[in-house]
Amino acid sequence: MNAQDELNQIESTLHHLEQERLTATRQMGTQSGQLRQLADKFEQTLQQTSEQIATQLDRLTKLADDSQKTSDDLDAGIASDQQAIDEPPDFDGQIQALQERIDDINRTTIPNHQQELQPLLTEQKDQRHRQSLLQDKMQGIVAEENRIAIKIRKAKNLEEMIALTAEQQGSIDSLRRQREDLTNQIGQIQATLHDGQAAIDAVNKKIEAARDQVKTWDTQRSQLQEAKRRRPAQVARLKQQIASLEKQKEQVNRTAQAIDDQHQQARDVQNTLSEQLATIQPLLNVLSKDVAGMETIPNIPQAAPRVSSAGSAPSAPPLHAAPLTAPTPAQQPAPQTKVRPAALVFPMLPRDPAQAAILRGVVGRLLQAGEQSVHLYTTAYEEEDSARLLQLLGNEQPQSLAWTNMYTALRQTKQPAAAPAKLNLQPDWHTQRTPDNATVEYLDGQNNLMARVQYRSNGSVRMVTYFNLPGNAQRRDFWDAAGHVAVTQSINANTGRVTNENFYRVDGSVVLIKEYGTDAEHIHVLDEQRNVIQELASDVELAAWWLSQILPADSQLITEADPMLVLNKALQARTDMTLVPILTPESTPQAWAEILGGDLAIQTAYVSDPNLLAAARTTLPKTDIETL
């Protein structure tokens, strides 16, 4: 229960208590035989009323404290948003600082590392050249050793072999020493090459790290540039949020003033009760002595009349006034029942039999209740087909029936309509019909599919899909019945996913922009001056916002029990409305229970299936449940 509802309840309780006090006061003028009993009852009533007034004062004090806290929170939110507007980030300074860092790395850091790398590369090249020379020399030594070995092996006998060996022993020893020396030199060069390569790798890592830092700062710079580009929209959104908070603050202030007024009224009633308790005490003292007549009863002082803050007449007659007789039935004013507009909300005009039956059932219930004016609201993109609506309703048709689609309504404008759109076709494209005879495909000179046009039964264009050369869809346009492009979809040619949608008014201006990420959706609502007036995160939020703007005052909101929709803060702010949920097998008792936690009053609910009746009565025990 919100503060206003509790305030209304307190006001009603105070009024009831005041009436009880007046009734007890009037009873004091009855016959003398009943005087003692009435006086006791009067005192008891005054005491009970005084206690109840004290309880109401405590409730009012708590409401006042809660209202003050809400007001303080709103002030803090307004101040925070205003600070975000008044103290914008230094985008230019941050972008310039990042650019200077990037330039410093590109002009100094990376060239210095490259200069550090150059002698290392030169040294590595020289060492490899030396290694190559030594390896060539090693090959010559090995070849000479092989020549000597072959010569010895060719000896004709052992004596000749021994003689040749002795003869070549000096050469063999010399060649071995040269080979060992060369092996040591080559090993040293390989170690030098290994160390040199490690030094080169370390410098290359420095260069790569510097380039990675440039990429990081360049990304940050791009993000800052994008944030700077979006800053006007952010400021507009903050201003709108401030306006909304200020509006809430005004409502809180009005509620706080009403609480103060009720607090003062309760105090006045409490003071009057105290006065009457004091003035009745002499009467009780006399009656306690068993005086039979009325002549010894002292006059009861008349309490001073109270005047309300608006300067109205006294709220109660004096105690010695003549008894008031109850008015006859003819004098009672006839009760006036305020007719609440019936707002029936569906995502789109039902197509399956179960949803169509729910629609007919709700309209039938409204007709039975005497409601002859029904307004249907649909929140998904579709063309309004009144003939199909009447066909769905059959005999369940009210005298006044209206249908508004959210997207059709958002596209309206007071500006002149744009000229009808034209197909974006090339002169060298040729056509081919498809089996459904409602679609025409356009191919280029190499028979590549370039466009597919779908037509309505009356021959007007309904949808156009454009393809790239590999044959993947890359854009899709939806046309309205008047020949204007209503929606344009951009499509990722690789995945086939829609990445964003633009919705256009009939004059060609953009009214909605939808952006679809991997896990998120962003919706921007634009006014006719292209200012962003609302940012939303889902189609359900868009529907709730639009319904909160368009539904008439005091409407009956009749819709399926979807907590995501009916508990949205935009609709919950419309406390003038009552909610009539439709409970279906697709929803759950948990979802039904959730909607009870909202601020919209729920007096009636519909169930689409009699099997749900028991669960509905258990979950919504204080609600009138009706079966469709």
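Just a few scattered comments:
- Note on Met161 and Ala418: the model spin-label points, each 7 Å out from Cα along the C-beta direction, lie 10.3 nm apart.
- With Cα atoms defining each centre, segment 515-531 and segment 372-414 are spaced 26 Å apart in the structure.
- Fraction of accessible area attributable to carbon and sulfur, segment 480-544 (%, probe 1.4 Å): 47
- The largest-to-smallest principal axis extents of the Cα set in segment 338-484 are 68, 38, 24 Å.
- Inter-site label distance for Arg230 and Gln213 at 7 Å from Cα along Cβ, in nm: 2.9
- Label-to-label distance, nm, for residues given as Arg147 and Ala537 (7 Å Cα→Cβ offset): 8.8
- The 3J(HN,Hα) values that the Karplus relation (6.51, -1.76, 1.60; θ = phi - 60°) gives for segment 619-625 are, in residue order, 6, 10, x, 9, 10, 6, 9 Hz. Gly and Pro appear as x.
- Normalised per residue, the volume of the convex hull around the Cα set of segment 479-550 (Å³): 112
- Interchain or long-range residues, amide H under 5 Å from Asn405's placed H: Thr378
- Zone of Asn112's modelled label, taken as backbone nitrogen in segment 193-219 under 16 Å from a point 7 Å along Cα→Cβ: 203-211, 213-214
- Between Gln549 and Ala76, the contour length at 0.36 nm per residue exceeds the alpha carbon distance by 167.6 nm.
- Long pairs among Lys62/Lys249; Lys247/Lys514; Lys205/Lys228; Lys228/Lys514, criterion Cα-Cα beyond 30 Å: Lys205/Lys228
- Amide H contacts of Thr627: Val607, each under 5 Å away and 5 or more positions distant or on a separate chain (H built 1.01 Å from N in the peptide plane; Pro and chain starts excluded).
- Residues of segment 387-459: accessible area per residue with a 1.4 Å probe, Å²: 64
- From the alpha carbon centroid of segment 226-270 to that of segment 120-186 is 99 Å.
- Rg/Rg_globular for segment 406-446, with Rg_globular taken as 2.2 N^0.38 Å and Rg from C-alpha atoms: 1.84
- Residue-span extension gain [Ala614 to Thr404] - 0.36 nm each, minus C-alpha spacing: 72.2 nm
- Derived scalar couplings ³J(HN,Hα) [segment 118-129; Karplus, 6.51 cos²θ - 1.76 cosθ + 1.60; whole Hz; x for Gly, Pro]: 4, x, 5, 5, 5, 4, 5, 5, 5, 5, 5, 5
- Rounded FRET efficiency, nearest 0.05, which uses the C-beta distance separating Asp104 from Asp195 and R0 of 45 Å: 0.90
- Full extension of the chain between Glu384 and Thr575 gives 65.8 nm of extra length, using 0.36 nm per residue less the Cα-Cα distance.
- With R₀ set to 51 Å, the beta-carbon distance separating Gln241 from Val498 gives a calculated FRET efficiency near 0.95.
- Environment charge of Leu557, counting only residues whose C-beta is closer than 10 Å and scoring Lys/Arg +1, Asp/Glu -1: +2
- Summing Lys and Arg as +1 and Asp and Glu as -1 over all other residues whose Cβ lies under 12 Å from the Cβ of Arg179 gives a net charge of -2.
- Restricting segment 394-452 to trypsin sites (Lys or Arg not before Pro) that sit in a DSSP loop and have at most 12 other Cβ atoms within 10 Å of their own Cβ leaves Lys414, Lys422.
- Of the trypsin sites (Lys or Arg not before Pro) found in segment 453-539, those that fall in a DSSP loop while having at most 14 other beta-carbon atoms within 10 Å are Arg456, Arg497, Arg530.
- Accessible area per residue in Å² at 1.4 Å probe, computed on segment 227-266: 63
- Rg ratio for segment 76-185: its Cα radius of gyration over 2.2 N^0.38 Å, N being its residue count, equals 2.77.
- Carbon and sulfur %, accessible surface of segment 152-203 computed with the full protein complex present, 1.4 Å: 52
The values are calculated or read from the model by the stated rules, or taken from the named source; none is laboratory data. Here the structure is a predicted model, which means the values were calculated and not measured. Cβ: placed from backbone, ideal geometry, glycine included. Neighbour counts: every protein chain shown. These area figures cover heavy atoms from the full protein model, side chains too; ligands, DNA and RNA do not enter into them. Shrake-Rupley method; radii C 1.70, N 1.55, O 1.52, S 1.80 Å.
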